[in-house]
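Quick note: the coordinates plus some simple rules give every number you see, no bench work behind them. Since the model is a prediction, treat every value here as computed from it, not as a measurement. FYI the Cβ positions are ideal-geometry reconstructions off the backbone, even for glycines, and counts take in every protein chain you see.
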Amino acid sequence: MKQTKWIVGGGALLGIVSVFLDWMKLDGTVTGPLAALPKSGMENGGPVFIVLLALPLIAAAVGAAKRFGRGMAVLALLGGLLAAFMALVKYGDITDAAKLAKGMATISVAPGYWLLFVGSTVALVGGIVGLIKPEPATPARA
């Protein structure tokens, strides 16, 4: 039994939990359009991340029940890759908002975002490892 499926599942679960945390930290008083900036993961496209990270989670669950072969590794890799790429796009959104708020407030990346990025990257790397060295098939019983 390989541990890759548990690593993939843990990374995907960490990413899904991070959607319910804050991704953007705002220090200072902000008025106008910047006051309505979405701060939590659910306001920043969280349902999309939940769906994308459900792919590696499903792959890990199937791998735990049966076998984490190349097919499940590809599913985990695709979900982790898309989630990590979209997390990088969200990082760009947060840094752009920080540039716009210069002088009025300080906007920084909150820990919830970093949990999302780490979780999706762990699922991605676990998918790559599972693709390179899949779990061996169990011999059929006679």
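Counting beta carbons within 10 Å around each of Arg67, Arg141 and listing the fewest first gives the order Arg141, Arg67.
Considered as an equivalent ellipsoid built on the Cα gyration tensor, the stretch 1-123 has semi-axes of 34, 11, 10 Å, the largest given first. For a paramagnetic label modelled at 7 Å from the Cα of Ala61 toward its Cβ, which residues of the stretch 101-142 fall within the zone defined by backbone nitrogen distances under 12 Å? Counting backbone N atoms under 12 Å from the label point, the list is empty. Taking amide H positions as modeled 1.01 Å from N, with prolines and chain starts lacking one, the residues under 5 Å from Met24 and 5 or more places away or on another chain are Ala110. Enter the angle in degrees (range 0 to 90, nearest 10) between the Cα long axis of helix 4-18 and the first principal axis of the Cα atoms of the chain, meaning the one along which they spread out most. For helix 4-18, the angle is close to 20 degrees.
When each of the peptides 6-15, 40-49 is scored by the mean number of other C-beta atoms lying within 10 Å of its residues, the order from highest to lowest reads 6-15, 40-49.
Computed from Cα atoms, the angle from the helix 70-100 axis to the main principal axis of the chain rounds to 10 degrees.
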